[in-house]
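Chemist: What follows is a structure written as structure tokens; I'll ask about it next.
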Amino acid sequence: MRTESGQIFRLEDYKPSAYLIPGIALDFALDADETLVTARLRVERAENAPDNAPLELDGDALTLEALRINGADAPVSSYEATPDKLTIRKLPEEREFELTIVTRVLPSSNTTLMGLYVSSGVFCTQCEAEGFRRITYFLDRPDILSVYTVRMEADRKAAPLLLSNGNPVESGALENGRHFAVWHDPFPKPSYLFALVAGDLGVVTDSFTTASGREVSLGIYVEHGKEERAAYAMDALKRSMRWDEERFGREYDLDVFNIVAVSDFNMGAMENKGLNVFNDKYVLADAETATDVDFANIEAIIAHEYFHNWTGNRITCRDWFQLCLKEGLTVFRDHEFSADERSRAVKRIGEVRALRAHQFPEDQGPLAHPVRPRRYREINNFYTATVYEKGSEVVRMLRTILGEEAFRAGMDLYFERHDGQAVTIEDFLKAFEDASGRDLTQFALWYHQAGTPNVALSSRYDAEAKTLTVEIEQSVPPTPSESRKRLMHIPLAFGLVGPEGEDLAYESAEGAVVENGVIHLRKRRHTIVFKGVNARPVFSVNRGFSAPVTLCSEGRTADRLFLARHDSDPFSRWQALTTLFTDTLIAASKAVRGGKEPAFADDLVQLGLDLAADATLEEAFRALVLTLPSEADVAREIGHDIDPDAIHTARRALLETIARAGRETFGDLYEGLHDNAPFSPDARSAGRRALRNTLLEYLVLGEGTPQAARRQFDDADNMTERAGALTILAQYFHDTEDGRAALAAFEERYRDTPLVLDKWLQIQAMIPSEGAVSLVRSLMEHPHFSLANPNRVRALIGTFSMANQTAFHSADGEGYRLVADTVLALDGQNPQVAARLATAFRSWRSLDKGRREHARALLADMAGRENLSRDLADILERTLA
Ligand code: 0A1
Ligand code: ZN
């Protein structure tokens, strides 16, 4: 494990490397206990580099076995090797030379899941961001691009399959039951994209013919017996490959494309060139074991990793500060893919909900950082919602500002200009400036400045003059180490909604640049006068969530009720309703705290019922309409002195109010949605199931008995409906016979299906009862649970900390203690996952005084421990600062 180090890396300190490594040949003698790695590096002194610059190679927990320079053993006095660095001071005079480095690594005792490790008997690697240095000493930075040739040998029985990046070259038998394979990747790549997999796995194969007629062999490798569950992933892969050709003109470039699913993985998946490695949760799916959300995630992540082949691999990052260059852009691409494959409106609402749930709290708390950070202590802590999701929003705004055509021209220029390079955000933006002739200087602040901008807005209509005057003001709140903010370029899509719901025309707009339905906010304050507006409109703004801002507009409830029913933009309809629900929940929470009964307006409840029953709307949209803002959503909007118990009580009261009002309608709707068609994971069918599950919760609450949920649980022929029913039984009836029986039946049925048992953990981790902490502690003793597997930890402890507000924030501090204990126990094994779990504390300052004190004490206690990993120390320090 890496030890704590206070070193801070800064963007402005970037220097090109004095040495390059254009080629590397790696040889692995694979053995789970002890693997010997022989790396032959072709090293070149960079032009302009001083002759005598020492060569400093990165390492992490390495043991050097041998070092040769141009084939001869290096004299001991010419170098210095520690587990985390190899410094060679005496080097040949020539500009080019060869280094041979032999290291010894220990795969089976590698619990960090970085570098070379073993997952369920399969050797695999994870090198992003800095895992390659756990395999061999190297210039482990993304601007060092090398052509890789990889030879592996292993026991043939234990590892009949030997995979690496690129194309297969050669394979054959060796003595003692061993065999070997050689792979060659012709595309120069950074070390973080290196991968190797060796083991005994089953496979699903297929092929894809590219637009220019090249045949690509596709393989998805999974545990034996699980091949059928990889069919959907294969289908998603082929659709992704076609889509990237059609939408971005990008073709695949190798003869093979392989995906391997492993069960121990720190993140979702990894885009290694030609050999994507996946968390099996994002590959395996069928009706019996996966929910519709799982299917959608698989489609999105398969696409995401595939799209990285161009945005990330062919064009990569100059340094890790540029992480959003590949991640924000690739998330944008996968969002667009899913929008094209499914319902665009529903997809957009989902994206915005996720952005608000994960990125907004990050941007508004102690861990806030710009989309392109300027400093870091541990890069692994920057795989954040800000870099990924806000990074994607920034690319989306770029498209809104430039328009589809100029955006595509900019992308084409970017691909053409930078193929094979390691570049920066400045290079990216320059391609769009050059392709469109626009100046993006002010827009670039979205990459450089942290914090969620606020936009305040008011409007008035003058019937006589036929003008609508809109006042808009922007402000960006201070964030850690950035107290003064500059004005942003905020593109706000809008419409003037007329009495019949149609968008009203206007003759002219003065006071800001307004083009193609978008207001370009660039100054602090704009007064925009729309002239020639024939009727009083309702101003609909930030349509489609065109800018990731918080909007504060005058609270005209009647206007919101109107927009929710009539706006032509479905996102805005949903947004209007959500704002109404959120405001009413904030008011109700206040009432509860003041000892009063919460009350809800009839017209709002009726609006919810009407939209839910509106057969002209897609079912998935109607399900979203009935999904109230979560407790965390309401807490975030309240923002300070939060009492999660009051929010819970208020939300429950609103659920019950709607349930009572809608009892009959919901019953009919629910029954009407049932069909006997065989299961299909398509978006339309998924939407029907989503609506059924949402209705089921209201039915159960309206009736006050678990019968309907029990029936759905028993009759379900797919996981979406079974897990949906179980969630409701667990939430509301966990201490009754029905709840207990359903949980036990589910456990029994899926005893041997780990990914499904994770759902069982997850569902229980969300139960908002007094006994929640002890239930989770007891589940940690369950044979299925293990701290060594990130999926188990996320399912139980991650869910508890993110989706069980009353229990995590329990007033006695025991929820915090549970998470803190787990974080500390995990840190010695897997610092990355421990650090990520610790981010659950990031909003601690916004809670009420008692909770704040408990959280502060625990954070301080953790931060004071000895031997914390750099990952965890960094998160704790920033959270407390
Ligand atoms: N580049 C991957 C994310 C990723 C990052 C680090 C990892 O190491 C544990 C693994 C995956 C992606 O964006 O999908
Ligand atoms: Zn990615």
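Chemist: Which loop-located GluC sites (Glu not before Pro) does segment 1-79 contain, where loop means any DSSP state but H, G, I, E or B and the Cβ has at most 11 other Cβ atoms within 10 Å?
Modeler: GLU47
Chemist: Any chance you could check the Cα centroid distance between segment 103-153 and segment 504-523 for me, in angstrom?
Modeler: 53
Chemist: For segment 352-480, what class follows from the C-alpha gyration tensor (a ≥ b ≥ c being the square roots of its eigenvalues): rounded when a/c is under 1.5, otherwise prolate if a/b is larger than b/c, else oblate?
Modeler: oblate
Chemist: Segment 1-53: which chymotrypsin sites (Phe, Trp or Tyr not before Pro) are DSSP loop and have at most 16 other beta-carbon atoms within 10 angstrom?
Modeler: The qualifying sites are TYR14.
Chemist: Show me 689-699, 452-462 ranked by packing, highest mean number of other Cβ atoms within 10 Å first.
Modeler: Result, highest mean Cβ count within 10 Å first: 689-699, 452-462.
Chemist: Going by C-beta contacts inside 10 Å, put VAL529, VAL776 in order with the fewest on the left.
Modeler: With the sparsest Cβ surroundings first, the list reads VAL529, VAL776.
Chemist: Once you've got the Cα coordinates, tell me which of LYS466/LYS523; LYS238/LYS759; LYS281/LYS347 are over 24 Å apart.
Modeler: LYS466/LYS523; LYS238/LYS759
Chemist: Same structure again: Give a residue-ordered list of calculated ³J(HN,Hα) values for segment 234-243 (Karplus: 6.51 cos²θ - 1.76 cosθ + 1.60, θ = phi - 60°; whole Hz; x for Gly, Pro).
Modeler: Along segment 234-243, the couplings run 5, 4, 4, 5, 5, 5, 5, 5, 5, 4 Hz.
Chemist: Something else about it: Among rounded, prolate and oblate, which fits segment 752-881 when a ≥ b ≥ c are the square roots of the eigenvalues of its C-alpha gyration tensor, a/c under 1.5 means rounded, and a/b larger than b/c means prolate?
Modeler: Note, shape of segment 752-881 comes out oblate.
Chemist: Test of understanding: ordering TRP574, TRP320 by Cβ neighbours within 10 Å, fewest first, what list do you get?
Modeler: If I rank by nearby Cβ atoms, fewest first, I get TRP320, TRP574.
Chemist: Quick check on segment 499-551: take the gyration tensor over C-alpha atoms, sort the square-rooted eigenvalues as a ≥ b ≥ c, and tell me if it's rounded (a/c under 1.5), prolate or oblate.
Modeler: Cα axes put segment 499-551 in the oblate bin.
Chemist: Can you work out ³J(HN,Hα) from phi for every residue in segment 725-733, in order, using Karplus 6.51 cos²θ - 1.76 cosθ + 1.60 and θ = phi - 60°, giving whole Hz and x for Gly and Pro?
Modeler: Running phi through 6.51 cos²θ - 1.76 cosθ + 1.60 with θ = phi - 60° gives 5, 5, 4, 5, 4, 5, 4, 10, 9 Hz.
Chemist: To continue, here is another question. Per-residue HN-Hα couplings for segment 697-702, Karplus 6.51 cos²θ - 1.76 cosθ + 1.60 at θ = phi - 60°, whole Hz, x for Gly and Pro?
Modeler: Calculated HN-Hα couplings, in order: 4, 5, 4, 5, 5, x Hz.
Chemist: Let me ask something else. Which lysines, on any chain, are close to LYS90 with Cα under 25 Å apart, when same-chain ones fewer than 8 places away are left out?
Modeler: By straight Cα distance, LYS90 reaches LYS15.
Chemist: For CYS552, list long-range residues whose amide hydrogen, built 1.01 Å from N in the peptide plane, is under 5 Å from its own amide hydrogen.
Modeler: Result for CYS552 returns VAL455, ALA456, LEU457.
Chemist: Counting only residues 5 or more places away or on other chains, whose amide H sits under 5 Å from the amide H of GLN421 once H atoms are built in the peptide plane?
Modeler: For GLN421, the qualifying residues are THR316.
Chemist: Taking amide hydrogens as modeled 1.01 Å from N in the peptide plane, which residues meet the under 5 Å criterion relative to GLY23, leaving out close sequence neighbours?
Modeler: Amide H to amide H, under 5 Å and 5 or more residues apart or across chains, GLY23 pairs with ARG42, VAL147.
Chemist: To the nearest 0.05, how large is the calculated FRET efficiency for TYR383 and THR111 if R₀ is 25 Å and r is the Cβ-Cβ distance?
Modeler: After rounding to 0.05, the efficiency reads 0.80.
Chemist: Between helix 557-566 and the chain, what is the angle of the helix's C-alpha long axis to the longest principal axis, kept within 0 to 90° and rounded to the nearest 10?
Modeler: That helix lies at roughly 70 degrees to the long axis.
Chemist: Between segment 430-455 and segment 271-312, what's the alpha-carbon centroid distance in Å?
Modeler: 31
Chemist: Got a sec? How would LEU196, LEU254 order by Cβ neighbour count within 10 Å, fewest to most?
Modeler: Lowest count first: LEU254, LEU196.
Chemist: I would also like to ask the following. Loop-only check: which trypsin sites (Lys or Arg not before Pro) in segment 143-176 are DSSP coil with at most 11 other Cβ within 10 angstrom?
Modeler: Hits after loop and neighbour filter: LYS157.
Every number in this text was worked out from the coordinates using simple rules, so none of it is lab data. Quick caveat, the model's predicted, so the values are computed rather than measured. Cβ: placed from backbone, ideal geometry, glycine included. Neighbour counts: every protein chain shown.
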